[in-house]
1. How do 38, 151 line up, fewest other C-beta atoms within 10 Å first?
2. Arrange the following residues from fewest to most other Cβ atoms within 10 Å of their Cβ: 187, 58.
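Each reported figure results from applying straightforward, stated rules to the coordinates on display, with no laboratory input. This structure is a prediction, so every number in the text was calculated from the model and none was measured. Using ideal geometry, Cβ is built from the backbone for each residue, glycine included, and neighbour counts are taken over all protein chains shown.
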């Protein structure tokens, strides 16, 4: 199973991967992207109760939110204007979809990000953010897929997992409902996972209880 985007046609050559991002219209960030906050223990308890999902459940475009648990990476997604992820098929996944200054989506190369097990979110004056984000797009934009979908066992359940091509990172998903998943980003030597949600494009984000 695969998803098609705009002018992309199923069965065409792999060159459409490079055209997919450029074919998107200008889209402003209109979703509720404020991070959800909970203790890691609460997130862990919820995650462990959720059902696993097959890889084909993830095919399509998704927008994301951070679940703030006190992790060192909390705030990094908003700083980078992360939008979500795009799963074209099991072999071709864009793990980092960001928005530029005009609200246009682009694919970012995770291999060019300063990601590591001790990564902490930097803090910059607001006046610097437009220039930093412009430079980020100029440096990191890519047209190549940088991840795959596989079934992996994690915390006792076999579920759909996004495996980065260049980094020792697995994003392992569990089902919140038919349009929302909870993701644990498991990175080698990271003491505990970074937590986030994904929502199908065009659908409402999961309503976490207060």
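1. On the way: 38 18, 151 14.
Lowest to highest Cβ neighbour count: 151, 38.
2. On the way: 187 20, 58 24.
The most exposed by this proxy come first: 187, 58.
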